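Visitor: Sending over a structure as structure tokens; questions will come in a sec.
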Amino acid sequence: MYCFIYSVSYHFSVIDLLSRFSFVTQQVDRKPNALVQVAVIDPHKQHLVSHACTEIVEANKDPMFLTGVTFPSEYPASPETLVKLTVYDAKDKSQESSNLLGSATFSVGDLLRAKDERLTLSLRYVSVILSGTVVVSRLKMGEMEEVDVDHITTDIPSQKCPLVCESASHACNERENPLSGPVFKNPVCKVYRFQTVDSKWMLVREQMEECTLSFSIPKQLLSLYIQEDMGRVQDLRELGELSPHWDNLRKEVVTRYGGLISSYQETLAELDKVTGRSFKPSCCKAQKSLEFIPINLHTQRMRVTCPRKTDTIYDIVTVGAPAAHFQGFKCGGLQRLLSRYEAEKKSFSTAYQCIYYSPEHTAKAQEVLSTMSILQPLITNLADQLLQAAQEHSSTGLRDALKMLSDKTEQFVHTLKDELVKSALLALHAAQPGYVSRSNQKQTPVQGGQHEDHIHPGSDHNQTLVQGLPGHSPATSVTESTVVCNNVEGSQTTTRGEGGPLPLKHQESIPHHKEYDEEEWDRVWANVAKCLNGVIAMVDKLQEEESSKQEPVPEQHQADVITSHNPGDWREQLCPLVTRLKDCVMEVVEKAKKAMTFVLLQEAACSIPQGFLLQQRRDVVFSQALAALACGFIMRLYAGMQDKSFLRQLHLVGLVAQFESLLSTYSEEIGMLEDMEFGISDLRRVLFKITEAKTEDISELQPLVCGRRDHFTVEVPLPRLVFQTLPEEIKEGKPLQVFPVLFNVGINEQQTIAERFGDISLQERINQKNFEILEAYYKSLSEKVPLECLPCFQTQSDIKELLETLGQNVVTKKRKNVEILWIAGMICRRLNGIRFTSCKSAKDRTSMSVTLEQCALLRDEHQLSKDFFIRALDCMRREGCRIENVEKNIRCRKYAFNMLQLMAFPKCYRPPEGTYGKVDS
């Protein structure tokens, strides 16, 4: 029997523990179900501390163990540390009943001093020495020899029993990497030795870690949400005086924003109290104060070491499905709630006398506000740089500053070239005191019909005004429209004689004011371009004069030239034009900001109170999704820092982030899937940027989030020496894109019900939609990056063929078609992507999926023997990192399955006997 132990303090690699079980036949009449428990004797307290356990090898006098024990990197090992190995005969797989067969004890110092670093120990039962022995030897990790099965036990010909190990050797190497320190922590490592088809041995290390981003990203997002909403409240107050009706709506919206801000501030204060914690266990998924935190977020890495081959690593991020568990799923998730909300919002707009704006118009208003907030200070700064270059009389600096200023100003002008701004300004003007609507003018008797200023509802002028407004097509008739007088406080409807209330039309209620200058916005907006042209013309003139000055000049004119072209002249001539440009930009920003804020006011007024609840739900889901994505991006970045092809792909195209979900489309989980779909989709609004850290202090290496709801950027700081190795495009701050895709296949008993009696259209739509996104990404990648730069795999399946197979599976009507998940995962790895796996809590079904994927990779890429596949799978599920994850979450080493549930699972997703039961999850 072999067992491997690692002590980081002395940088051991692995220790073999070899034992004979000839004593077994003397104690029992049957072949034993052997397992080895490892304990450490604390030298100070002199008591045993249970440390680890191997898997059970059934009915075998000469057992071959695949797992062993781990001493984590922070374990305080010393030469005096004693290790006790105890051998048991387990009566059942749950290990709840077992017979002691014997034990042996050794110290770390004994092993270090031993010849060839090998100890031979006798097994004892109480004080009786048994015939069994344990041979403990040191095996250095990373120095695999090409040996066959027999070679490992040449000194004991009758034994072929390679016991594998849990080892922290790789943990040590990982912890020495300065990049992982700030983000990943609390590693759990397991090491195994598996046999290949050619009877060689591979070493396999699992390493699972928590991620500090579980808390830091949501806390930063909460701060940004609070900042954005406070800014929105300030913008609403700066709209100026409004008519009583609109002022009341504004007050109500401000109150709602205040409630949201207060709630987020309370949540942030509660999170600030949490210390020393870097993941949220599944049992806390519905806790209010932790609703923004992703559930059970962990990274898992499998490293494979084979003889005469380079080590290979496979990474995956596991996280509970991003969903609003605290708010619940009684009425569905975001997909259903938002669809219902958009359908009802039109009637809300009628009730509140608002203009109905479609989601596209609302998104456009937010985009305009966001773009202006970025470009306006940038234009001001570039204008100042232009004046500074003029002050320094630098032709090159002047030309460069002008180019950047022109680019940003043109972008600014283009952003505001939208009818939405113009129509919103008209609506805002109509909402101010003193305005009387056309409907009231129509009801006012006009003698002889000769009033010059009366606008007839059917006139061409009226028709033109309305056509540019949200929700109107050129064919929209204004004769149906009726607008109330905004001067009448609390007025909700107008009356028409004895006919009772006159119904309102939400889309057609666009007001018109005879004193409003419709062309004012066009003039203000066009002035920016005119001012820019003036600046460009002046710079051209100055540079022409500079060029002419370089030509030979008669002596009698030299004094005049020097006098008229002193260095201060450029700035003096440019300054009035640049100042005018900045003033025009500010004027445009002021008007456009008020117009877009008024659009959002109407959106918010129509949304009360449902819209604010949905916004909060969406914020919660996005926070969980972004924390997971940032974790996966950083893990992938760290792994690819030396891969030039990967870095090239990163800045030219971006990375695909493939989320695998195992949620069912039935009961509450369909609501979770609806939430998750929106959360993953919203990640398209996220960009990444690599920055150089100011220092190598841990606090300076933490990722930073900036932006607002319609666009976020995650800045990832790297140490200076590491940052300098990156491509120039990345070092210059080029935004890096991520393309999130989601594939879902339910596998539990609830999915069985959904497939037979319910509806799986949501799953089918999600898989089809995201297949198209993945296909488009591959097309873009193949156009910009040579496919030879992508990773090489033993299974030479062409990515294009895999995509075709995936497309066929997506449209095939097949129950629990988990091949969709397998093929999507294979494509993701071949595309250098980021892999995620989720279920409700990332604990049970996720563990089955991760271990299956790892064993499949060992089989397909590293020739794992078929005879070892099921044993390796059971081994990882019984004693690997995933069962440790279960224990971290619920304090129990049991997967939360029962026999009835497992009967509905695909066979390859079923855990080994004795590892599951009814538990609180």
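The values are calculated or read from the model by the stated rules, or taken from the named source; none is laboratory data. Note that the coordinates shown come from a computational prediction; the quantities given were computed from them, not determined experimentally. We place every Cβ from the backbone using ideal geometry, glycine too, and count neighbours over all the protein chains shown. Quick note on the areas: whole protein, heavy atoms, side chains included, nothing else; ligands and nucleic acids left out. Shrake-Rupley method; radii C 1.70, N 1.55, O 1.52, S 1.80 Å.
Visitor: In the stretch 800-818, how many residues are under 16 Å from Gln751 (Cβ atoms) and open to solvent by 90 Å² or more (accessible area, probe 1.4 Å)?
Guide: Residues in the stretch 800-818 being under 16 Å from Gln751 (Cβ atoms) and open to solvent by 90 Å² or more (accessible area, probe 1.4 Å): 3 in total.
Visitor: Let me ask something else about it. Name the residues in the stretch 820-859 that are polar (S, T, N, Q) and either under 18 Å from Ile883 (Cβ atoms) or crowded, with 24+ Cβ neighbours inside 10 Å (or both), would you?
Guide: Thr837, Ser838, Ser841, Thr846, Ser847, Ser849, Thr851, Gln854
Visitor: Check Ile690, Ile730, Ile670 and return the single one that is part of a helix (DSSP H, G or I), modelled with pLDDT of 95 or more and under 30 Å from Ser370 (Cβ atoms).
Guide: From the options Ile690, Ile730, Ile670, the qualifying one is Ile730.
Visitor: Now for a separate question. Among the residues of the stretch 262-272, are any without any contact (Cβ under 8 Å) to a residue 24 or more places away in the chain and in contact with a helix residue (DSSP H, G or I) (Cβ under 7 Å, 6 or more places away or on another chain)?
Guide: Scanning the stretch 262-272, I find at least one residue that is without any contact (Cβ under 8 Å) to a residue 24 or more places away in the chain and in contact with a helix residue (DSSP H, G or I) (Cβ under 7 Å, 6 or more places away or on another chain), so the answer is yes.
Visitor: Hey, any hits in the stretch 352-370 for a residue that's over 25 Å from Leu601 (Cα atoms) and exposed (fewer than 14 other Cβ atoms within 10 Å of the Cβ)?
Guide: Scanning the stretch 352-370 turns up no residue that is over 25 Å from Leu601 (Cα atoms) and exposed (fewer than 14 other Cβ atoms within 10 Å of the Cβ).
Visitor: Continuing with this model, one more query. Could you tell me which numbered condition Leu902 fails, if it satisfies all but one of (1) part of a helix (DSSP H, G or I); (2) under 28 Å from Arg193 (Cβ atoms)?
Guide: Unmet for Leu902, out of (1) part of a helix (DSSP H, G or I); (2) under 28 Å from Arg193 (Cβ atoms): (2).
Visitor: Mind counting the residues in the stretch 694-710 that are at pLDDT below 90 and within 18 Å of the chain's Cα centre (by Cα)?
Guide: 1
Visitor: Could you check the stretch 762-817 and list, in sequence order, the residues that are part of a loop (DSSP other than H, G, I, E, B) and of a type in the set (D, E, K, R)?
Guide: Once the filter is applied, which keeps residues that are part of a loop (DSSP other than H, G, I, E, B) and of a type in the set (D, E, K, R), the stretch 762-817 yields Asp798, Lys813, Lys814, Arg815, Lys816.
Visitor: In the set Glu228, Glu252, Glu241, which member is part of a helix (DSSP H, G or I), acidic (Asp, Glu) and open to solvent by 40 Å² or more (accessible area, probe 1.4 Å)?
Guide: Selected residue: Glu252, the only one of Glu228, Glu252, Glu241 that is part of a helix (DSSP H, G or I), acidic (Asp, Glu) and open to solvent by 40 Å² or more (accessible area, probe 1.4 Å).
Visitor: What are the residues in the stretch 707-742 that are of a type outside the set (A, V, I, L, M) and in contact with an Asp or Glu (Cβ under 7 Å, 6 or more places away or on another chain), if any?
Guide: Hits for the stretch 707-742 are Arg708, Arg709, Asp710, Pro717, Pro719, Arg720, Phe723.
Visitor: Do we find that Ser214 is under 20 Å from Gln702 (Cβ atoms) and among the small types (Gly, Ala, Ser) in this structure?
Guide: Yes, satisfied.
Visitor: Over 14 Å from the mean Cα position of the chain (by Cα), buried (at least 21 other Cβ atoms within 10 Å of the Cβ) and more than 30 Å from Val810 (Cβ to Cβ): is that true of Leu726 in this structure?
Guide: The answer is no for Leu726.
Visitor: I've got another one for you. So if I check each of Gln616, Gln624, Gln649, Gln642, which one is in a loop (DSSP other than H, G, I, E, B) and in the same structural domain as Asp235 (by the TED database)?
Guide: Being in a loop (DSSP other than H, G, I, E, B) and in the same structural domain as Asp235 (by the TED database) holds for just one of Gln616, Gln624, Gln649, Gln642, which is Gln642.
Visitor: For Val785, state whether it is open to solvent by 50 Å² or more (accessible area, probe 1.4 Å), more than 27 Å from Tyr895 (Cβ to Cβ) and either more than 21 Å from the chain's Cα centre (by Cα) or acidic (Asp, Glu) (or both).
Guide: So Val785 does not fit the description; no.
Visitor: Determine which member of the set Gly320, Gly276 is on the phi > 0 side of the Ramachandran plot, in a loop (DSSP other than H, G, I, E, B) and in the same structural domain as Val850 (by the TED database).
Guide: Gly276
Visitor: If you don't mind, there's one more thing I want to ask. Just to be sure, is Ser167 crowded, with 23+ Cβ neighbours inside 10 Å and at pLDDT 95 or above?
Guide: no
Visitor: Of the residues that sit in the stretch 891-900 and are surrounded by fewer than 18 Cβ atoms within 10 Å (Cβ to Cβ) and in contact (Cβ under 8 Å) with a residue 24 or more places away in the chain, which one is nearest to Lys190 (Cα to Cα)?
Guide: Within the stretch 891-900, the match that is nearest to Lys190 (Cα to Cα) is Cys892.
Visitor: Now for a different question. For Ser838, indicate whether it is among the polar types (S, T, N, Q) and farther than 21 Å from Val57 by Cβ.
Guide: So Ser838 fits the description; yes.
Yes/no matrix, rows are residues, columns are (1) modelled with pLDDT of 90 or more; (2) among the charged types (D, E, K, R); (3) open to solvent by less than 50 Å² (accessible area, probe 1.4 Å); (4) closer than 30 Å to Val745 by Cα:
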position	(1), (2), (3), (4)
Phe326	yes, no, no, yes
Gly333	yes, no, yes, yes
Ala343	no, no, no, yes
Thr350	no, no, yes, no
Ser373	no, no, no, no
Leu405	yes, no, yes, no
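Visitor: When residues of the stretch 860-883 are filtered for being assigned to a helix (DSSP H, G or I), open to solvent by 40 Å² or more (accessible area, probe 1.4 Å) and not hydrophobic (A, V, I, L, M, F, W, C), how many remain?
Guide: Of the residues in that region, 5 qualify.
Visitor: Would you pick out the residues in the stretch 748-757 that are open to solvent by 50 Å² or more (accessible area, probe 1.4 Å) and closer than 15 Å to Glu668 by Cβ?
Guide: Result: Glu749, Ile753.
Table: residues versus (1) closer than 23 Å to Asp619 by Cβ; (2) β-branched (Val, Ile, Thr); (3) out of contact with any Ser or Thr (no Cβ under 9 Å at 6 or more places or on another chain).
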residue	(1), (2), (3)
Gly231	yes, no, no
Trp246	no, no, yes
Val254	yes, yes, yes
Gly259	yes, no, yes
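Visitor: Of all residues in the stretch 601-640 being within 24 Å of Gly259 (Cβ to Cβ) and of a type in the set (Ser, Thr, Tyr), which is farthest from the chain's Cα centre (by Cα)?
Guide: Ser607
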